[in-house]
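Q: Below is the structure I would like to discuss, written out as structure tokens.
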Amino acid sequence: MKIAIIGSGNIGGTLGAKWAAAGHAVVFGVRDAGSAKARAALGAAGERARVDKIAGAIADAEVVVLAVPGAAVAETVAAHGAALDGKLVIDTTNQFGAPVMNGIAAIAGAAPQAAIYRAFNSVGWENMAEPVVGGVQADLLYCGPDGAGRAAVEQLIAAVGLRPVRVGDLQQVALVDNLGALWSALVFGQGLGRRLAFKVLTPSD
Ligand SMILES: NC(=O)c1ccc[n+]([C@@H]2O[C@H](COP(=O)([O-])OP(=O)(O)OC[C@H]3O[C@@H](n4cnc5c(N)ncnc54)[C@H](OP(=O)(O)O)[C@@H]3O)[C@@H](O)[C@H]2O)c1
């Protein structure tokens, strides 16, 4: 897949390195190609990755992953709505303290024909870098529409090494958001450490 990752920090850099290693074409869309984060992300992702301005990154992408601060989502998607429209867009962003943690409404408003998914928001980046926790493959709960986009999102989650678990369509986004809030409460409130991850168990597991 041709993947544009907007943001090259902890989340963007970690996902980009995993997807490049899995054979995907990764471009980091950034404000400053010379920034320390952009250079580090490019270094970790290797030859299958490149860096570009945000518009240039989105233009050729099939999948666009938002990995900027939650407060920057509205301005970012408003500036690039036409280019995002019709693409598969994954929102990893959190805006803790805001009435809504995710950027779904802003993305849908700017790019009404985009296929939008909420994923990679609910656990720390360390668990994306090292998805086996205590000897067990962690799950990544996500939501978004069924169909072709779902298969692509699940492929990208699996490429990171996590097991995808679909919670439902975007009407379930509050549950996926709250999982991130639960992670934060356990990690920061209860001191359980950032290598905390989630696992869904059923009798077939
Ligand atoms: N860290 C985690 O474990 C984690 C887990 C789940 C979800 N998230 C969410 O994922 C998102 C990214 O987190 P992160 O930890 O990767 O952050 P980060 O390390 O601070 O990286 C943020 C990236 O966004 C860029 N950026 C900042 N402001 C921007 C703007 N106004 N327009 C365009 N790009 C901008 C930064 O570029 P510069 O270097 O130029 O500033 C940087 O590349 C956040 O919404 C966060 O809540 C984080």
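Q: Can you put GLU75, GLU62, GLU47 in order of accessible area, largest first, using a 1.4 Å probe?
A: From most accessible down to least: GLU47, GLU75, GLU62.
Q: Take the alpha carbon atoms of segment 123-189, find their radius of gyration, then divide it by 2.2 N^0.38 Å using N residues; give the quotient.
A: 1.15
Q: Projected onto the charge dipole of segment 64-147 (+1 at Lys/Arg Cβ, -1 at Asp/Glu Cβ, origin at the Cα centre), which of VAL65, ALA78, PHE96 gives the Cα projection farthest towards the positive end?
A: Towards the positive end, the residue furthest out is ALA78.
Q: In Å and on Cα atoms, what radius of gyration and Dmax does segment 10-132 show?
A: 13.8, 40
Q: May I pose another question? Work out the length of the dipole vector of segment 130-201 about its Cα centre, built from +1 on the beta-carbon of each Lys and Arg and -1 on the beta-carbon of each Asp and Glu, and round it to the nearest 20 debye.
A: 200 debye
Q: What is the projected area of the convex hull of the Cα atoms of the chain, averaged over all directions, in nm²?
A: 11.2 nm²
Q: Here's something else I'd like to know. Taking N as the number of residues in segment 55-124, what is its alpha-carbon radius of gyration divided by 2.2 N^0.38 Å?
A: 1.01
Q: Using Cα pairs under 8 angstrom and six or more residues apart, how large is the relative contact order of the chain, in percent?
A: 16 percent
Q: In nm, what is the difference between 0.36 nm times the number of residues separating GLN171 and ALA151 and their Cα-Cα distance?
A: This chain segment gains 5.3 nm when fully extended.
Q: I've got another one for you. At 1.4 Å probe size, what's the solvent-accessible area of VAL200? Round to the nearest 10 Å².
A: 50 Å²
Q: What accessible surface, in Å², does a 1.4 Å probe find on VAL165, ignoring ligands, DNA and RNA and rounding to the nearest 10?
A: Number for this one is 30 Å².
Q: Would you mind computing, in nm to one decimal, how far apart the modelled labels at ALA185 and ALA158 are, each placed 7 Å from Cα along Cα→Cβ?
A: Using points 7 Å along Cα→Cβ, the separation is 3.3 nm.
Q: Moving to a separate point now. Give me the one-decimal nm value for the distance between modelled label points at ALA55 and LYS199, 7 Å along each residue's Cα-to-Cβ direction.
A: My value for the distance between the label points is 4.9 nm.
Q: Still on this structure, I have one more. Identify all lysines with a Cα-Cα distance to LYS199 below 26 Å; exclude those on the same chain that are fewer than 8 residues away in sequence.
A: LYS18
Q: Related question: Let me know the charge dipole size of the chain about its Cα centre in debye, to the nearest 20, where only the beta-carbon of Lys, Arg (+1) and Asp, Glu (-1) is charged. Spell out each step's value before the answer.
A: Working: 16 positive and 16 negative charges, 75 e Å.
It works out to roughly 360 debye.
The values are calculated or read from the model by the stated rules, or taken from the named source; none is laboratory data. Just so you know, these numbers come straight off a predicted model, no measurement behind them. So basically every Cβ, Gly included, is an ideal-geometry build from the backbone, and we count neighbours across all protein chains shown. Accessible surface is based on the protein model in full, side chains and every heavy atom, while ligands, DNA and RNA are left aside. Shrake-Rupley method; radii C 1.70, N 1.55, O 1.52, S 1.80 Å.
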